[in-house]
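One structure is given below, encoded as structure tokens.
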Amino acid sequence: MTDETPQIITKSLIKRPDWDDYFMDITFLVSQRSTCLRRQIGALIVREKRILATGYNGAPSGLRHCLDTGCLREKAGIPSGERHELCRGLHAEQNAIIQAALHGVTIKDAILYCSHFPCSLCTKMLINARVKKVIYSNGYPDELARNLMEEAGLENIQFPRQGGELL
């Protein structure tokens, strides 16, 4: 038997993330599943501090990923933020909304955490699903999305940490 005094861990030694940090860190972890060659995006839908659904950008279930087929938009020289319909993948926000619907989970009054500002297509879906707030980290060049959010009163807040940096 040893005479060791147990080390007491004090609150000052533990860096416990606040809720926004916690959910944004999970969002960036989710983005690591992305199969997009241009941008890895993650989305998390939360209500009352509970995760309702997650999503990342990539091809529909059962179809080959851009990692395997190449990027149609890249081959055509299409700039970021334009001609979304020419991508074989779904956006992270779309996948999160679909996952919630598939499992019968309402996302009304929920918060979307997203690694990037949503495009106008995803913004329209979020407005109709009655999501109440979007918290995002990185920008995205889609002025129409910003205008739609403003018109709809969909609150959006840029998270203070950029990229995928974790606490």
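State which residue is modelled with the highest pLDDT when the search covers only the stretch 79-91 and only residues that are surrounded by 11 or more Cβ atoms within 10 Å (Cβ to Cβ) and within 17 Å of Glu143 (Cβ to Cβ).
Result: Arg83.
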*asked:* What are the pairs with Cβ atoms under 7 angstrom where one residue, in the stretch 1-25, is at negative phi and the other, located anywhere, is modelled with pLDDT of 85 or more and open to solvent by 100 Å² or more (accessible area, probe 1.4 Å)? Sequence gap at least six, or different chains.
replied: Trp19/Lys49
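This table checks each residue for (1) loosely packed, with under 10 Cβ neighbours inside 10 Å; (2) out of contact with any Asp or Glu (no Cβ under 8 Å at 6 or more places or on another chain); (3) at pLDDT 95 or above.
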site: Asp3; (1), (2), (3): yes, yes, no
site: Asp18; (1), (2), (3): yes, yes, no
site: Met24; (1), (2), (3): no, yes, yes
site: Ser31; (1), (2), (3): no, yes, yes
site: Ala43; (1), (2), (3): no, no, yes
*Taking the stretch 126-145, which residues are buried (at least 17 other Cβ atoms within 10 Å of the Cβ) and over 13 Å from the mean Cα position of the chain (by Cα)?*
Ala129, Val131, Asp142, Ala145
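The values are calculated or read from the model by the stated rules, or taken from the named source; none is laboratory data. Computed from a predicted structure; not experimentally measured. Every residue, glycine as well, gets a Cβ built from its backbone with ideal geometry; the counts of neighbours run over all protein chains shown. Quick note on the areas: whole protein, heavy atoms, side chains included, nothing else; ligands and nucleic acids left out. Shrake-Rupley method; radii C 1.70, N 1.55, O 1.52, S 1.80 Å.
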